[in-house]
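Some notes on the structure that comes next.
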Amino acid sequence: MKKHIVVGLTGGFGTGKSTAAGMFQELGAWIIDADRIAHEALRKESPVYQEIEKLFPEAVTEGDLDRKKIAAVIFNQPEKKKKLEHLVHPYVFERMEQEIAEAEEPVVILDVPLLFETGLDQRCDFVCVVAAPEEAVRERLKERGFTEQEIDTRKKAQISLEEKKKKANFVINNSQDLEQTKREVEKIWKGLHLVSKGDK
């Protein structure tokens with residue numbers, strides 16, 4: 001069985017987690033994206049598709065389930081959100097384990113927005129949190145088309161960034177330019193790479 005170092009990568013909504021994941025990938029990390037796997041659950045070939053379809057008949061289209069319609073429902077019906085999570089989370093966890101086993105690089109990064117909230121941090125050897133100031137994050141998200149209400153709703157679904165930083169082994173400060181962020185990622189990568197070589 002292949003030995004991998006598993007690193008959980010998370011952050012606050014809009015702090016730049018995907019940017020950091022891309023930088024780790026360029027350096028040679030194997031990235032497993034939880035959002036990508038969660039989207040797979042809404043496709044017709046998914047083993048949980050029919051159960052989700054029953055839960056959200058209004059989201060049924062000719063192709064896969066309409067994510068925007070599902071989001072609109074769970075925004076107003078928290079009980080349906082919980083039911084959806086009970087279907088999707090086990091699927092995501094199982095698929096992640098499969099992808100970790102298949103990973104071709106010694107360092108595997110789990111890119112997971114709700115890493116702590118779902119308990120997936122327990123699966124990781126290290127946890128890395130991407131942080132940025134609240135004002136800067138809000139501006140970025142508004143530029144991407146999010147409303148204040150949407151930003152607040154998503155933030156409420158997560159534990160606070162300060163709490164995440166306390167639980168992290170590494171914190172990437174994404175408040176300055178991308179070059180500074182890249183330097184911080186490279187520094188963490190060097191440490192992870194040394195540990196991965198020592199485990200062989």
Quiz prompt | Boolean, residue 139 is out of contact with any strand residue (DSSP E or B) (no Cβ under 6 Å at 6 or more places or on another chain), farther than 29 Å from residue 50 by Cβ and of a type in the set (Asp, Glu) | solution = yes
Quiz item: Within the range 163-178, can you find the residues that are more than 12 Å from residue 10 (Cα to Cα), open to solvent by 80 Å² or more (accessible area, probe 1.4 Å) and either at pLDDT 95 or above or touching a helix residue (DSSP H, G or I) at 6+ places or on another chain (Cβ under 9 Å) (or both)?
Solution: 166, 178
Self-check item: Positions within the range 112-125 being crowded, with 19+ Cβ neighbours inside 10 Å and under 16 Å from residue 30 (Cα atoms), in sequence order
Solution: 112, 124
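Look at residue 153 and say whether it is loosely packed, with under 13 Cβ neighbours inside 10 Å and either hydroxyl-bearing (Ser, Thr, Tyr) or touching a Lys or Arg at 6+ places or on another chain (Cβ under 6 Å) (or both). Before you say what the answer is, go through the steps one by one.
Details: loosely packed, with under 13 Cβ neighbours inside 10 Å: no; either hydroxyl-bearing (Ser, Thr, Tyr) or touching a Lys or Arg at 6+ places or on another chain (Cβ under 6 Å) (or both): yes.
Considered against the rule, which asks whether it is loosely packed, with under 13 Cβ neighbours inside 10 Å and either hydroxyl-bearing (Ser, Thr, Tyr) or touching a Lys or Arg at 6+ places or on another chain (Cβ under 6 Å) (or both), residue 153 comes out as no.
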Quiz prompt | Residue that is farthest from residue 13 (Cα to Cα), among those in the range 113-131 that are touching a Gly at 6+ places or on another chain (Cβ under 6 Å) and part of a loop (DSSP other than H, G, I, E, B) | solution = 124
Exercise. For the range 186-196, indicate whether the set of residues that are over 24 Å from residue 6 (Cα atoms) and open to solvent by 60 Å² or more (accessible area, probe 1.4 Å) is non-empty.
Key: no
Quiz prompt | Any pair with Cβ under 8 angstrom, 6 or more apart, that starts in the range 136-148 at a residue that is more than 22 Å from residue 177 (Cα to Cα) and ends at one that is outside any helix (DSSP H, G or I) and open to solvent by less than 80 Å² (accessible area, probe 1.4 Å) | solution = 146/14
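The values are calculated or read from the model by the stated rules, or taken from the named source; none is laboratory data. What you are looking at is a predicted structure, and each value in this text was computed from that prediction instead of being measured. Using ideal geometry, Cβ is built from the backbone for each residue, glycine included, and neighbour counts are taken over all protein chains shown. For the accessible areas, the whole protein counts, side chains as well, though only heavy atoms, and no ligand, DNA or RNA atoms are used. Shrake-Rupley method; radii C 1.70, N 1.55, O 1.52, S 1.80 Å.
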